[in-house]
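Enquirer: Following this message is one structure expressed as C-alpha cells.
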Amino acid sequence: MGLSKLSMLALAGLAAAELPPVHIKGQKFFYENGTQFFMKGIAYQQDTAAKGQTNDKATDYIDPLSNEKLCKRDVPLLKELGVNTIRTYAIDPEADHSACMKLLDQAGIYVISDLSQPQLSIKRDDPQWTVEHYERYTAVVDELAQYSNVLGFFAGNEVSDANNNTEASAYVKAALRDTKAHIKEKGYKLGVGYATNDHPDIRDDIANYFNCGEDEEATDFWGYNIYSWCGESDIEKSGYADWVDFYKDYNVPVFFAEYGCNTPGGAEGRKFDDTRALFSDEMTGVFSGGLVYMYHQEDNDYGVVEIKGDKAERMDNFFELKKAHKAVDPKGVDEDDYNPKGDRETCPDLGKFWRANTRLPPTPEPELCDCAVANSECAVGDNVKEKDFGDIFDYICDAKGELCTAIQGNGTTGIYGAYSMCDNRSKLTILLGLYYEEQGGAADACDFDGLAEVKKSSAKSSCDEALESASKVNEEAATATGAMSEGTGGADDEDFGVIGTPMARLFSIGDMAVGLYMVVALGVGATMVVL
C-alpha cells in the first residue's frame with residue numbers, strides 16, 4: 001500500500017478494522033506495512049473550569065476520552081480538520097475509554113497522552129518520584145495500552161522550563177525509566193518520551209540529557225513545544241532551520257509536541273504557514289510532524305473550536321488549519337529502505353544552569369515504604385491533614401537534619417535517601433519513628449501538639465533485611481557531602497569537581513529485588529547534604 005492510499009485511510013477513517021499500530025525505528029515512526037507515519041495533530045483537552053464542565057469523579061481535570069457524548073460531538077470535527085493524532089494531558093485510568101477510543105479509531109485518529117495529572121505530577125520546584133506517581137503513571141499505561149491507536153506517552157511536559165529548575169529533570173528521567181520498564185514487563189509495544197519548552201539556556205542540555213545513557217532510561221521520542229513562528233515568518237526567521245540542523249543526527253523521532261503561535265492577532269489571526277513548513281521537504285527528513293495547540297478555545301486564545309453550551313462552533317482559524325493540513329503531503333521513506341544512524345547523545349556536565357545528575361532517583365517500591373511505616377513506633381494521626389505536616393517536618397529537620405536525609409533526595413548531587421520514594425504521609429510517619437527512636441522513646445518525642453501518636457511496631461520478619469539495608473543507605477546519605485572544587489566562587493560558577501563515586505545497594509522484599517541508590521557525585525555548594 002502506498003503512502004497516499006494509507007494516508008487517505010488514516011485521515012478519512014475508511015478502515016473498518018482497528019488502526020494499525022505505529023512503531024519506532026531510529027528517527028522515524030512507521031505503520032506495520034513500513035510506510036512512514038507523520039503526526040498531523042492537535043492538543044485536545046478542555047480546561048477544568050471551562051464552560052461549567054464537570055467530571056464523574058472528584059478530579060481537578062476533565063478526562064477528554066471518557067465522555068462519549070463529547071467525543072461524538074468533537075471527533076467528526078477532528079476528522080474534518082485532517083487530524084490523525086490528538087494529545088491528551090490527563091486521563092482518568094479508572095474511567096471507561098472504550099467508546100471514545102473506538103470513535104477515534106474509526107476516524108483514523110491516534111492518541112498520545114501525558115501520564116501525570118495536575119495534582120500528581122513531578123513539580124519543577126519540589127520534584128519527587130514516589131510510589132503515588134509510579135502507580136498513577138503505570139495505571140495510565142495499562143488503561144490505554146489496550147487500544148491499537150495509542151502512539152505512546154509523555155513522562156513530563158516542560159517540567160524543567162527555566163535555568164533555575166533543571167534538577168527536576170533527574171526525577172522525570174527516573175519516571176521515564178520506570179515507565180519503560182513497566183511497558184517492557186507487560187509486553188506492550190509503546191514508547192515513552194518527554195515534551196520540552198524552548199528555553200535558550202537549557203534547550204541543548206535537556207535534549208542531550210534525556211537522550212543520553214542506556215536505552216532503558218533514555219527517551220524513545222522527543223517532543224518540542226515551540227511557538228517561534230509568529231505572524232509572517234519563514235523557516236530561517238522562525239529558527240525552524242536551526243532545529244532541523246540540531247536534530248538531524250538525533251536517534252529517536254522528533255516532532256512538535258505543541259506549536260501554533262497566536263501573535264499577532266490571537267487565535268483567529270493564525271494562517272498556519274508553520275504547518276505547511278513543518279510538512280515540507282526541508283523538515284520532514286528530521287521532524288515527524290506535530291500537534292497544534294489547541295482544539296478548545298479558552299482564555300489563552302489558542303483554540304480552533306469554541307464550545308457554546310453543548311455545541312462546538314468552528315472558528316475562522318479552524319478552516320485555516322483544515323486548509324493547511326489538506327495542502328501538505330509529506331514524503332516519507334519506506335522502512336525497508338531506511339537504515340537508522342546516530343548514537344545516543346553525550347550526557348551534559350553539571351554547570352551554571354544544568355543541575356540534573358545522571359544518577360537518578362530509585363524506583364518506587366511500595367513494599368519498602370509499607371515496611372518502614374509498619375516498623376515506626378510513632379505515627380502521624382489519621383485525621384491530620386497534609387497541609388499540617390510542614391511544621392513537624394521543619395522541626396525535626398532543623399533539630400536532626402541527618403534523620404531527614406532518609407526521606408529526601410537531591411537530583412543535582414545524586415544523593416537519595418532510601419525512603420525518598422514514599423508518599424508524604426508515609427515519609428512523616430517514618431521520620432517520626434526515626435526521631436522517636438533517636439530520642440530514646442521519650443514521652444514528649446511523639447506528640448507534636450497531638451498531631452502524632454505512639455504505636456507498636458507491626459513490621460513482619462520479611463521486612464528485616466530490607467529495613468537493615470535501607471538503614472545503611474540512609475547512614476551513608478547522612479554523611480555524604482557535595483563540595484565544589486577548590487577555588488570556585490559560588491553556586492553560579494561553572495567549574496565543578498568530582499568528589500565521590502557512585503554506590504548501589506541491593507536488597508529484597510520477598511521475591512522482589514529492589515535497587516537503592518546513594519550517590520555522591522558532582523557537588524553544588526561548599527558543604528551540602530540533601531535538600
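Enquirer: Scan the stretch 248-276 for residues that are part of a helix (DSSP H, G or I) and buried (at least 20 other Cβ atoms within 10 Å of the Cβ) and report the count.
Expert: First, pick out the residues of the stretch 248-276 that are part of a helix (DSSP H, G or I): 267-269, 273-276.
Then keep just the ones that are buried (at least 20 other Cβ atoms within 10 Å of the Cβ); that gives 267, 274-275.
Looking only at that region, the number is 3.
Enquirer: If we keep just the residues of the stretch 134-153 that are part of a helix (DSSP H, G or I) and among the aromatic types (Phe, Trp, Tyr), which is nearest to Ile183 (Cα to Cα)?
Expert: Selected residue: Tyr137.
Enquirer: Still on this structure, I have one more. Does the stretch 104-111 contain any residue that is on the phi > 0 side of the Ramachandran plot and open to solvent by less than 20 Å² (accessible area, probe 1.4 Å)?
Expert: Yes, the stretch 104-111 has at least one match.
Enquirer: Keeping to the stretch 271-310, report how many residues are under 17 Å from Asp234 (Cβ atoms) and in contact with an Asp or Glu (Cβ under 6 Å, 6 or more places away or on another chain).
Expert: Number of matching residues: 2.
Enquirer: Scanning the stretch 230-247 for residues that are part of a loop (DSSP other than H, G, I, E, B) and of a type in the set (Ser, Thr, Tyr), which turns out farthest from Thr88 (Cα to Cα)?
Expert: Within the stretch 230-247, the subset part of a loop (DSSP other than H, G, I, E, B) is 230-239.
Still in the running and of a type in the set (Ser, Thr, Tyr): 233, 238.
Numbers: Ser233: 29, Ser238: 26 Å.
So, considering only residues that are part of a loop (DSSP other than H, G, I, E, B) and of a type in the set (Ser, Thr, Tyr), the one farthest from Thr88 (Cα to Cα) is Ser233.
Enquirer: Are there any pairs with C-beta distances below 6 angstrom linking a residue in the stretch 425-446 that is closer than 16 Å to Cys371 by Cα to a residue that is among the acidic types (Asp, Glu), with the two at least 6 apart or on different chains, and if so which?
Expert: Gly433/Glu377
Enquirer: While we're looking at this one, here's another question. Has the stretch 316-327 got at least one residue that is part of a loop (DSSP other than H, G, I, E, B) and either of a type in the set (S, T, N, Q) or more than 24 Å from the chain's Cα centre (by Cα) (or both)?
Expert: Checking the stretch 316-327: not a single residue is part of a loop (DSSP other than H, G, I, E, B) and either of a type in the set (S, T, N, Q) or more than 24 Å from the chain's Cα centre (by Cα) (or both).
Enquirer: While we're on this one: Could you go through the stretch 508-519 and let me know if any residue there is surrounded by 14 or more Cβ atoms within 10 Å (Cβ to Cβ), at pLDDT 95 or above and either in a helix (DSSP H, G or I) or of a type in the set (Val, Ile, Thr) (or both).
Expert: Checked the stretch 508-519: no residue is surrounded by 14 or more Cβ atoms within 10 Å (Cβ to Cβ), at pLDDT 95 or above and either in a helix (DSSP H, G or I) or of a type in the set (Val, Ile, Thr) (or both).
Enquirer: List, please: which pairs have Cβ atoms under 8 Å, are six or more places apart or on different chains, and start with a residue in the stretch 292-303 that is open to solvent by less than 10 Å² (accessible area, probe 1.4 Å) and end with one that is of a type in the set (Phe, Trp, Tyr) and modelled with pLDDT of 95 or more?
Expert: Pairs that qualify, where the first residue is open to solvent by less than 10 Å² (accessible area, probe 1.4 Å) and the partner is of a type in the set (Phe, Trp, Tyr) and modelled with pLDDT of 95 or more, are Val292/Tyr259; Val292/Phe272; Met294/Tyr44; Met294/Tyr302; Tyr295/Tyr44; His296/Tyr44; Gly303/Tyr295.
Enquirer: When the residues of the stretch 154-165 are filtered to those that are in contact with a helix residue (DSSP H, G or I) (Cβ under 7 Å, 6 or more places away or on another chain) and part of a loop (DSSP other than H, G, I, E, B), which remaining residue is nearest to Ser98 (Cα to Cα)? I'd like the intermediate steps shown before the answer.
Expert: In the first step, residues of the stretch 154-165 are kept if they are in contact with a helix residue (DSSP H, G or I) (Cβ under 7 Å, 6 or more places away or on another chain); the result is 155-156, 159-160.
Next cut, part of a loop (DSSP other than H, G, I, E, B) only: 159-160.
Working: Val159: 30, Ser160: 34 Å.
Step by step, filter the stretch 154-165, then rank; the result is Val159.
Enquirer: Next question. In the stretch 447-480, which residue that is within 13 Å of Ser376 (Cβ to Cβ) and of a type in the set (D, E, K, R) is least open to solvent (accessible area, probe 1.4 Å)?
Expert: Only one residue fits best here, namely Lys455.
Residues are listed down the side, and each one gets a yes or a no for (1) of a type in the set (Asp, Glu); (2) open to solvent by less than 60 Å² (accessible area, probe 1.4 Å):
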| residue | (1), (2) |
| --- | --- |
| Asn339 | no, no |
| Glu345 | yes, yes |
| Asn375 | no, no |
| Asp382 | yes, no |
| Ile392 | no, yes |
| Asp398 | yes, no |
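Enquirer: Can Gly433 be described as within 21 Å of Glu217 (Cβ to Cβ) and either among the small types (Gly, Ala, Ser) or open to solvent by less than 10 Å² (accessible area, probe 1.4 Å) (or both)?
Expert: The answer is no for Gly433.
Enquirer: Any chance you could count how many residues in the stretch 400-430 are of a type in the set (Gly, Ala, Ser) and open to solvent by less than 10 Å² (accessible area, probe 1.4 Å)?
Expert: Within the stretch 400-430, residues that are of a type in the set (Gly, Ala, Ser) and open to solvent by less than 10 Å² (accessible area, probe 1.4 Å) number 6.
Enquirer: In this structure, does Leu104 turn out to be more than 18 Å from Lys40 (Cα to Cα), touching a residue at least 24 places away in the same chain (Cβ under 8 Å) and of a type in the set (A, V, I, L, M, F, W, C)?
Expert: When the stated conditions are applied, Leu104 does not pass them.
Enquirer: For the stretch 357-428, give me every one of the helices (runs of 4 or more DSSP H) that falls completely inside it and has 2 or more residues that are out of contact with any helix residue (DSSP H, G or I) (no Cβ under 8 Å at 6 or more places or on another chain). Reasoning before the result, please.
Expert: Working: elements: 366-375, 389-399, 401-404.
By residue number, 389-399.
Enquirer: Which of the residues spanning the stretch 188-222 are open to solvent by 30 Å² or more (accessible area, probe 1.4 Å) and either assigned to a strand (DSSP E or B) or among the polar types (S, T, N, Q) (or both)?
Expert: Answer for the stretch 188-222, where residues must be open to solvent by 30 Å² or more (accessible area, probe 1.4 Å) and either assigned to a strand (DSSP E or B) or among the polar types (S, T, N, Q) (or both): just Asn208.
The values are calculated or read from the model by the stated rules, or taken from the named source; none is laboratory data. Note that the structure is predicted; figures quoted are calculated from it, not measured. Using ideal geometry, Cβ is built from the backbone for each residue, glycine included, and neighbour counts are taken over all protein chains shown. Quick note on the areas: whole protein, heavy atoms, side chains included, nothing else; ligands and nucleic acids left out. Shrake-Rupley method; radii C 1.70, N 1.55, O 1.52, S 1.80 Å.
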